[in-house]
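The values are calculated or read from the model by the stated rules, or taken from the named source; none is laboratory data. If you're wondering where the values come from, they're calculated on a predicted model, not measured in any experiment. Using ideal geometry, Cβ is built from the backbone for each residue, glycine included, and neighbour counts are taken over all protein chains shown. When the accessible area is computed, the model is the full protein with side chains, heavy atoms only, and any ligands, DNA or RNA have been set aside. Shrake-Rupley method; radii C 1.70, N 1.55, O 1.52, S 1.80 Å.
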Amino acid sequence: MSGALAMTWATFPADAVTVVGATQDDASSPEVRWTRCAVCGSLLFWRRLGRDTVDIAFGTIDHPGDLVPSNPIWTSHRVARFMLDPELPEFPERGA
Ligand SMILES: [Zn+2]
């Protein structure tokens, strides 16, 4: 959906997220919504309808270095030489 080599997401409870500014939603399937900035088109976050979480694109967070990665997922698709923290558990497909 992004065209990036890898995407990093920060998952938050949906009720902890406040959106300020104009956004535009797209549906990639009946149950998934992708939200972009209505001005520049940057991908901001996605959510699965019926879940109480929102996955925010890491690069759009003001201080991403303040967050600690916890579970790399879909690592079966990882490009060789794309290094991950060896201390983290990897999930070849969907996360736990
Ligand atoms: Zn924008």
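So the values come out like this:
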read-out	value
Whole-angstrom gap from segment 1-45 to segment 53-96, using each part's C-alpha centre	16 Å
In nm, spacing of pseudo-spin labels at Asp52 and Asp26 (7 Å Cα→C-beta vector)	3.1 nm
List Thr8, Thr75, ordered by accessible area with a 1.4 Å probe, largest first	Thr8, Thr75
Solution diffusion estimate, µm²/s, Stokes-Einstein, the chain, Kirkwood Rh from C-alpha pairs, 4 °C, viscosity 1.567 mPa s	88 µm²/s
Within-13-Å neighbourhood charge of Ala27 [Cβ basis; K, R +1; D, E -1]	+1
